[in-house]
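To start, the structure under review is shown below, and the notes come after it.
We did not get these values from a lab; they are worked out from the coordinates using the rules stated. Because the structure is a prediction, the values reported are computed rather than measured. Using ideal geometry, Cβ is built from the backbone for each residue, glycine included, and neighbour counts are taken over all protein chains shown.
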Ligand code: PMP
């Protein structure tokens, strides 16, 4: 395919004069895969169009939110109607409790919640509530999980931090990171040892119940139950970070799929239907330690923004009315993810595929991927070549080996075939 990127290249050069790296979020710069990042001008359904008029089949879906597809009419209409009534008031609106009610219907463990404007804020605030409620300082997280870019979470993190090989981040004081214990994922013995080494000091365990930010990694049998038991036994709170998995793996996220009841849950991405929105919530007793009821401070000028609430209500409401979407996503994603593995096998390319529902990753390794160390055995140069070849064939995968790909409701049989056809060329 002859794909020109003249206009995107010009736009990137212009952006670099104003924005560091030309981007507002690092992985968009395509440093890990090389080549020019296409500049998007519009999107519809399962497709994106760039500034040079090229069309791409989208497998990153704005990094997770677009489960219903781009510019889905009920969402667009809801946002336009809300915008016509005013974009932000800094005062309460009924829509906040409307969306909160839908969320609690999907997530029975969430008795009270608060809206924020990103997944980062949701995780940062959930950890603060956990510390405030328990009166303890230490936090357990897992290598390769990403819980946003707040100071305490940037320790052995996944996503862009893993992609760029940054050990943590410059600008995070050692004193801040000192209270974050980063342990290998899928290893209960390591968690048990950490609890024993810090008796009465661990406020919470925060985990991506299915990891997306090291590429997709599923929890081993009994792993999440084990975390639940250890937290209960040691008086720590279990925080499930469902920013990626919430409303994606099922209406009630990974906690519904695996039957786990966390103390706190963080949400983002799908909950805002593509607008800036996140939420954290859980047991009423814990959440009521937040101001104005309790001593834990947390606030936001744009929190519960009316456009974000409208998009969220339209998106979550649609999912609640069409629960059969999840069975469809399962089928489509399996056909795509497994179809490409079969093509790789025929071509003699080592590939391990991990998939849970509509999130998956093709790892360029022959080792089973159960934690970040396994994911890091991937041949990232081979992934980069694959990414570029797929992009040239009109298929846009997340531009890093350490990210999950997402399938949405608008990916159908035509898109399955197009992806397999592109992969046949790319893997040859
Ligand atoms: N937690 C998880 C599991 C995520 O995947 C992300 C973002 N990819 C975040 C937190 C941070 O969310 P945001 O980028 O909206 O701040």
### Query
Against the longest alpha carbon principal axis of the chain, how many degrees, from 0 to 90 and to the nearest 10, is the axis of helix 94-106 turned?
90 degrees
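For the chain, what is the convex hull (Cα atoms) projected area averaged across all directions, in square nanometres?
Details: hull surface 79.2 nm².
Orientation-averaged projected area of the Cα hull: 19.8 nm².
Have a look at the DSSP beta bridges in the chain and tell me what percent are antiparallel, nearest 5. Please report the intermediate quantities before stating the final value.
Numbers: 25 of 44 bridges.
Here the antiparallel bridges make up roughly 55 percent for the chain.
What ranking of 60, 115 emerges when the number of other C-beta atoms within 10 Å of each C-beta is taken as an exposure proxy, fewest first?
Details: 60 19, 115 27.
Fewest-to-most Cβ neighbours within 10 Å comes out as 60, 115.
For a footprinting-style exposure proxy, rank 180, 104 by other Cβ within 10 Å, fewest first.
Details: 180 23, 104 15.
In order of increasing Cβ crowding within 10 Å: 104, 180.
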### Task
Compute the relative contact order of the chain as a whole-number percentage, counting only Cα pairs closer than 8 Å that sit 6 or more residues apart in sequence.
22 percent
### Task
Could you tell me the distance between the Cα centroids of the stretch 291-365 and the stretch 56-89, to the nearest Å?
15 Å
#### Entry: Degrees between helix 306-321 axis and first principal axis of the chain (Cα, 0 to 90, nearest 10)
80 degrees
#### Entry: Alpha-carbon centroids, the stretch 212-253 and the stretch 373-428: separation in whole Å
26 Å
### Query
If each of residue 291 and residue 417 carries a label point 7 Å out from its Cα toward its Cβ, how far apart are those two points in nm?
5.9 nm
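On average, how much area does the Cα convex hull of the stretch 101-245 cover when viewed from any direction, in nm²? Let's see the in-between values first.
Details: hull surface 35.1 nm².
Mean projected area for the stretch 101-245: 8.8 nm², to one decimal.
Applying a 10 Å radius around every beta-carbon, put 371-379, 295-303 in order of their mean neighbour count, most first. Provide the component values of the computation, followed by the final result.
Working: 371-379: 20.1, 295-303: 13.8.
Peptide ranking by packing, descending: 371-379, 295-303.
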### Task
Calculate how many DSSP beta bridges within the stretch 269-428 are antiparallel, expressed in % of all such bridges and rounded to the nearest 5.
90 percent
### Summary
Most fluctuating of 39, 363, 280 in the GNM of the chain (C-alpha, under 10 Å) is 39
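Sorting check: for 216-226, 241-251, which peptide has the highest mean count of neighbouring beta carbons within 10 Å, and how do the rest follow? Walk me through the intermediate numbers first.
Details: 216-226: 18.5, 241-251: 27.7.
Those peptides, ordered most packed to least, come out 241-251, 216-226.
Sort the following peptides by mean Cβ neighbour count (other Cβ atoms within 10 Å, averaged over residues), highest first: 200-208, 85-93, 306-314, 329-337.
Details: 200-208: 23.2, 85-93: 10.9, 306-314: 25.6, 329-337: 19.2.
Ranked by mean Cβ neighbours within 10 Å, highest first: 306-314, 200-208, 329-337, 85-93.
Pull up the DSSP beta bridges for the stretch 73-321 and report the antiparallel fraction as a percent, rounded to 5. Walk me through the numbers before you get to the answer.
Working: 10 of 27 bridges.
For the stretch 73-321, the DSSP antiparallel bridge percentage is about 35.
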### Query
Roughly what angle does helix 413-427 make with the longest principal axis of the chain, taking Cα atoms, 0 to 90 degrees, to the nearest 10?
70 degrees
